[in-house]
Each structure stands twice: as structure tokens, then as C-alpha cells.
Amino acid sequence: MRKLLYTFVVLFSMSLAANAQVKTIKGKVDDQNGTHLQGVTVRIQGKAEKASVTNEKGEYEIKASTGDFILFSYIGYRTERVKVASSLTINVNLFEQVNNMDEVVVTAGGIQAKRKELGSASTTIKAASLVAGKSTSIAGGLQGKVAGLQVSNTSGGINPNFRLILRGQRSLTGNNEALLVLDNVIVPSTMLGNLNPEDVEDIQVLNGAGAAAVYGSQASNGALIVTTKKGKNGVTQVGFSHTTSIEQVAFFPKMQDQFGAGGSGYGVDLFGRGNFSYLENQSYGPPFDGTMRALGPPLADGSNDSSRYQSYPGHNDFWNKGIINQTDFNISNGDANSTQYFSAQHVDQTGTTPGDLYNRTNVRLNGTRKIGKTININYSTSYTQNRYDITTATGSMYDQMLNMPVNVDITRYKDWQNDKFANPNGFYNPWYPNPYFTAANNRSATRNDYLTANVELKFTPVKGLDFVARQGITTRNYSNKNTTGAFKFTDYAKHTDASSKSDIAASVSDGMGYSTQLLTDFFTQYKKTISDFSLNVILGGQWKQDQSKGINVSANGLVVPGLFNVSNGVGTPGASESNFMSRTMGSYAKTTFGYKNYL
């Protein structure tokens, strides 16, 4: 009986010891700056079945035994290896991978390759750097991120268009822009201002024609390969944010602030300085003395506009503080066989030019699906609509105000409908109209709708051999209406001192059209490693069709005031139409040999 009891005690003690070795380890994973990392893979070395993933707070929980090694791995960061001791809490900081030559990147044609296999210059821009400043477009997020990449806007005001130039101008007469590729679909550069930065996973910048040879001559200036998010296996994320930004004109030309309107053409004083003139734009008059002086000739009722003879900041204060409200929502999840990513964004903006308004809405749905062991499907689709209500005369207003003397406070003339001195009939300047009237009387309403979609089918019959077929489409539908309102000057206003005022005829211009691009890819890739040697062979082809159409009609001298319709015009309306179609086909091949993963 004593021997049996002793055996039982020994077995019970061994059981307790075995159970004590397996324990639950908890902790947090942050980056080197202390930011929580979600989606970090936590696993026990040599035990693939034991794995966990950090949540949105960077927290994890995993069962391990004393003496086990826990591996913490995350894309773009060095893998950390920690031995389990007596503590039940293990917190880890991961550091970015500086030596990323083994990093797998998405290159031209959506083909994945190690960075060191590219054989050409390339730069990867991660999502975090694009959205750090909460820019409303990826163009803003790209500024200053890549050496040799010039991102410049080609139009002023709200949501401008951008040009992408890599490594300088290559042609004096041809196209110098880099190609923009979104989820393996070639898209126009206007998409830079209409893509939600929150959707971007990364951007691969390929310098030069060799890096983007898959796209042929259209990529002779390099390419930007934009890859959007598709969700992660085993990770569910929900994001919501709202950002309000204020923008202002970056800088103004320096203007002198000591002399007002006038010049020697109106006589000179005892010091040889030009005399004051109430209608002159040039600022060669006498120095400011703070006295009240007339502005413009008297009106028909005998009243006369005037102001204190001093410098005013009105030329700069004419431009508003722009306000941007940006709301973002996204949700993603995934399991062993599929991932999904959905996002929506709304941007509402008032511009720096008085009266300018803009809004944009983006919706995106991306995902992946694995069917059996041989078929993988990737899809991405996005819809963007933007609406503009802006003036068409920002450039002319800016130029005209540069000529107006600084002794005129432009901001006094906002209420041109009710203030007789701000109304075009009574505005002091005989050469240029009131800029507030110009902004309100010359308008453009524009609608843009973009649809981009891509589906990819990958068939892997045996390990190392892939057949990939892909179909993409990008299309833009647009319409615009430009209007100029009528204004009839009084006979008195037309005949005041040096007046150049003449009646403004109402006009309207309507345009609409579309552009569509179809892109079809097929390629096969074979990878094989034998001992110290590796082989990677790619053979493929691409077919692209571009088609566009545009129609514009216009009319002048509208009869009924305020009715901006082409049929309301006098005479024969103007009309134009443009049609375009092109097809491009090409094939490509690439073979890479490797030795011991370094040569």
C-alpha cells in the first residue's frame, strides 16, 4: 500500500510539472516609436500550429512552454525571437527592416519580385507616409518622398490636376509624364487627385523605361505602380476618421506700400514725384499721407467713392481661407481562403477663390479568394465622383488685381449687388471690373465620374508554375457647363473719364464626353530552385484599347436673362465633336538566374 501511494505521488508530481511548463503568455507589440502594431504574427518556433495575431492595440495571447522560442514577424520589420522564461508577460518592439533587398515588391505588370532582382532603380512608398499629413489626394502625399520625382499641379484652385515627372524632362515636344498604374490598370494622371490615400497599400516608383518595359513606349518615362489594400488573413479592422484642414495661398508677390495711384503723366510735385490720379492703376503717385482722396469719377447721382490715402492689404485679403472636411470609413477582414476590404470617403471643400466649391466621394471594394489549392482570384473596384462649382476667371482676376494700386481696399467691394460703388456701373476702375463681380459672373459647373476595376485569375497546376490572366477597365464620364452672365452698363457709366466699360453679353458652353481604357494581360511564370541555383522565367502579352469621345456646344447673346441654354442664344450655336480610338498590343519575356540568393 505504501509503495502504491508513493507511485501515485510521483505520477501526480510529474503531471503537475508537465502542466506547469505550458502557460499562457500575454503581451504587446509596438514599433520603435511605441505605436501599436496590429496584425503581427506571433508563433512558436518549430510549432506551426501554435500561432496568434496581435489586435488593434498590439495585444496578443499564446500558449507556450518554458524554453520555447516565440517569433514575432511583420512585413517591413525585422523578426524578433524571444525565449520563454518564468515571466507570463512578454512585450516586444519591432524595428523597421533597413536591409530590404530580399523584400518582395509588386513591379510592372503586377509581377512580384525581390527588390534585388529588379536590376533598375525603384522606391517603395508605404501607406503610413502617404496619410501622415491627411492629404486629400495621393499627389499631396507624394510631395518630397522620392528623389527625382517632381509632382507639380497644372491648374490652380481646388483639386488641381498634377504632372508626374521622373528624372527631368526627356523631350521638348513629347510627353514627359510617368505612367500611373492603379491595381494593374493604367489610369490617367487625373486620378492622382481622385484616389483616396487611405486605400493605398504602397506605391512602387519605377525609374526609367527599363523598369517598366512591360508597358512599352507609354512607360518610357518610368511608372508609378499603386497597389491598394485587400484585407489581411485572420485580421478584422474597422477605421473611421474625420479631419478638418485650413489652407491658404502659400505666398504673394511683394508689393510696395509707400506710394499710391498716379504718375508723372498727371504732372509732378515740387520733388519731381508724379501726382495722384483717381483712375490710374500704376502706383507712381505721391507718398501716402493718410488724407481722404477720391476713387474714380463721380456717379450719376453726384456721389463719389473715396478712401483714406494709405496702403491696404485688400489685394491679399481678397483670397479666402479654404476649408477642407474629410471623412473616412473602412472595414476589412479575412480568413484562410479570402480577404475583403471596403472603404468610403467624402471630401467637402471651399476654395481660396471666393465662391469656389468642390466635393468628392470615393467608394472601393477589394478582395481575394482562394479556390482549392490551385486557383486564386484577386479583384479590385472603385468608383469616384467629384463635383465643381468654380469661377473660370481666377487667373484674370489675379492679374488685374496686381495692377490695381494698394491704396484701394478690394475687400470693400464684396456686395456688388447692393453697393453702388461695388456695382460694375459705379466701380472706381475704368479698366478692370470688380473682382467679386467677375468671380460671381463667370462660373463653371463640372461633373466627373471615374470607375476603375480589375479582376485577376491565377492558376497554379504545380508548385512553381503560374498562369495569370487579368482584365482591367478604367473609364471617365464627364460633363461641364460654363456660363457668363449678362450685364448692361448705363449710358453714364460708359462715358465717364477714360471709361472702357462695354456691355457684357451672356453666353453658355456645354460639354460632355467619356474616355475608356481596356487592359488585358496574360502571362506565365515558372520558378525553380536546384541546389544553389534558381531560375525565374516570365513570358506574357498585353492588349490595350483606348477610346474617347467629346462633344461641345455653345451660344452667345442669350435672350432670356439667367436662362443658360444653348437654344436661348442668338444666331447659329457653335458645335464641335472629337472621337479617338487606338489599340496597342505587345509581348515580353524575362529570364532571371540566381546563385545562392545573392548573384
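The values are calculated or read from the model by the stated rules, or taken from the named source; none is laboratory data. Remember, it's a predicted structure, so these values are computed and weren't measured experimentally. With ideal geometry, Cβ positions are generated from the backbone for all residues, glycine too; neighbour counts draw on all protein chains shown. Accessible surface is based on the protein model in full, side chains and every heavy atom, while ligands, DNA and RNA are left aside. Shrake-Rupley method; radii C 1.70, N 1.55, O 1.52, S 1.80 Å.
Among the residues of the range 212-234, some residue qualifies, meaning at least one is touching a residue at least 24 places away in the same chain (Cβ under 8 Å), over 29 Å from Thr474 (Cβ atoms) and either open to solvent by less than 40 Å² (accessible area, probe 1.4 Å) or touching a Gly at 6+ places or on another chain (Cβ under 7 Å) (or both).
Given the criterion buried (at least 19 other Cβ atoms within 10 Å of the Cβ) and either touching a Cys at 6+ places or on another chain (Cβ under 8 Å) or not aliphatic (A, V, I, L, M) (or both), identify the matching residue among Gly302, Gly334.
Numbers: Gly302 fails: buried (at least 19 other Cβ atoms within 10 Å of the Cβ).
Selected residue: Gly334, the only one of Gly302, Gly334 that is buried (at least 19 other Cβ atoms within 10 Å of the Cβ) and either touching a Cys at 6+ places or on another chain (Cβ under 8 Å) or not aliphatic (A, V, I, L, M) (or both).
Restricting Ile323, Ile375, Ile371 to those that are exposed (fewer than 15 other Cβ atoms within 10 Å of the Cβ) and under 19 Å from the mean Cα position of the chain (by Cα) reduces the list to Ile323. Right, Gly265: out of contact with any Cys (no Cβ under 9 Å at 6 or more places or on another chain), part of a strand (DSSP E or B) and either at pLDDT 90 or above or open to solvent by 30 Å² or more (accessible area, probe 1.4 Å) (or both) or not? Against the criterion (out of contact with any Cys (no Cβ under 9 Å at 6 or more places or on another chain), part of a strand (DSSP E or B) and either at pLDDT 90 or above or open to solvent by 30 Å² or more (accessible area, probe 1.4 Å) (or both)), Gly265 qualifies.
Scan the range 96-114 and give yes if some residue there is modelled with pLDDT of 75 or more, open to solvent by 60 Å² or more (accessible area, probe 1.4 Å), more than 24 Å from Ser534 (Cα to Cα) and not in a loop (DSSP other than H, G, I, E, B), otherwise no. Looking through the range 96-114, at least one residue is modelled with pLDDT of 75 or more, open to solvent by 60 Å² or more (accessible area, probe 1.4 Å), more than 24 Å from Ser534 (Cα to Cα) and not in a loop (DSSP other than H, G, I, E, B). For Leu558, the conditions (1) touching a Pro at 6+ places or on another chain (Cβ under 6 Å); (2) not in a strand (DSSP E or B) all hold with the exception of (1). Each residue in the range 281-297 was checked for being open to solvent by 30 Å² or more (accessible area, probe 1.4 Å) and either touching a residue at least 24 places away in the same chain (Cβ under 8 Å) or touching a helix residue (DSSP H, G or I) at 6+ places or on another chain (Cβ under 7 Å) (or both), and 6 of them qualify.
Quick one: would you say Asp399 is over 30 Å from His242 (Cα atoms) and surrounded by fewer than 16 Cβ atoms within 10 Å (Cβ to Cβ)? Before you say what the answer is, go through the steps one by one.
Details: over 30 Å from His242 (Cα atoms): yes; surrounded by fewer than 16 Cβ atoms within 10 Å (Cβ to Cβ): yes.
When the stated conditions are applied, Asp399 passes them.
Within the range 73-96, which residues are of a type in the set (D, E, K, R) and farther than 17 Å from Ile62 by Cα?
At the first step, the residues of the range 73-96 found to be of a type in the set (D, E, K, R) are 78, 80-81, 83, 96.
Those that are of a type in the set (D, E, K, R) and farther than 17 Å from Ile62 by Cα: Arg78, Glu96.
Restricted to the range 72-84, and to residues there that are part of a loop (DSSP other than H, G, I, E, B) and either at pLDDT below 90 or in contact with a helix residue (DSSP H, G or I) (Cβ under 6 Å, 6 or more places away or on another chain) (or both), the residue that is farthest from Lys596 (Cα to Cα) is Tyr74.
In the range 226-251, the residue that is modelled with the highest pLDDT out of those that are among the basic types (Lys, Arg) and out of contact with any Asp or Glu (no Cβ under 7 Å at 6 or more places or on another chain) is Lys230. Counting the residues of the range 515-547 that are free of Cβ contacts under 8 Å to residues at least 60 places away in the same chain and open to solvent by less than 40 Å² (accessible area, probe 1.4 Å) gives 5. When the range 35-58 is limited to residues that are in a strand (DSSP E or B) and open to solvent by 80 Å² or more (accessible area, probe 1.4 Å), the one that is modelled with the lowest pLDDT turns out to be Ala48.
When the residues of the range 228-257 are filtered to those that are under 30 Å from Thr107 (Cα atoms) and hydroxyl-bearing (Ser, Thr, Tyr), the one that is nearest to the chain's Cα centre (by Cα) is Thr228.
Yes/no per residue for (1) at pLDDT 75 or above; (2) aliphatic (A, V, I, L, M); (3) touching a Ser or Thr at 6+ places or on another chain (Cβ under 8 Å); (4) open to solvent by 70 Å² or more (accessible area, probe 1.4 Å):
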{"position": "Thr124", "(1), (2), (3), (4)": "yes, no, no, no"}
{"position": "Leu130", "(1), (2), (3), (4)": "no, yes, no, no"}
{"position": "Lys134", "(1), (2), (3), (4)": "no, no, yes, no"}
{"position": "Gly140", "(1), (2), (3), (4)": "no, no, no, no"}
{"position": "Val146", "(1), (2), (3), (4)": "no, yes, yes, no"}
{"position": "Gln150", "(1), (2), (3), (4)": "yes, no, no, yes"}
{"position": "Thr154", "(1), (2), (3), (4)": "no, no, no, yes"}
{"position": "Asn159", "(1), (2), (3), (4)": "yes, no, yes, no"}
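Filtering the range 470-508 to residues that are exposed (fewer than 15 other Cβ atoms within 10 Å of the Cβ) and of a type in the set (Gly, Ala, Ser) leaves Ala498, Ser500, Ser502. When only residues in the range 412-465 that are farther than 30 Å from Ser307 by Cα and among the hydrophobic types (A, V, I, L, M, F, W, C) count, which is surrounded by the fewest Cβ atoms within 10 Å (Cβ to Cβ)? Once the filter is applied, the top-ranked residue is Val462. Exactly one residue out of Ser311, Ser277, Ser307 is free of Cβ contacts under 8 Å to residues at least 40 places away in the same chain and of a type in the set (S, T, N, Q): that is Ser277.
When the residues of the range 548-599 are filtered to those that are among the polar types (S, T, N, Q) and surrounded by 15 or more Cβ atoms within 10 Å (Cβ to Cβ), which remaining residue is nearest to Asn480 (Cα to Cα)? Across the range 548-599, the extreme among qualifying residues is Asn552.
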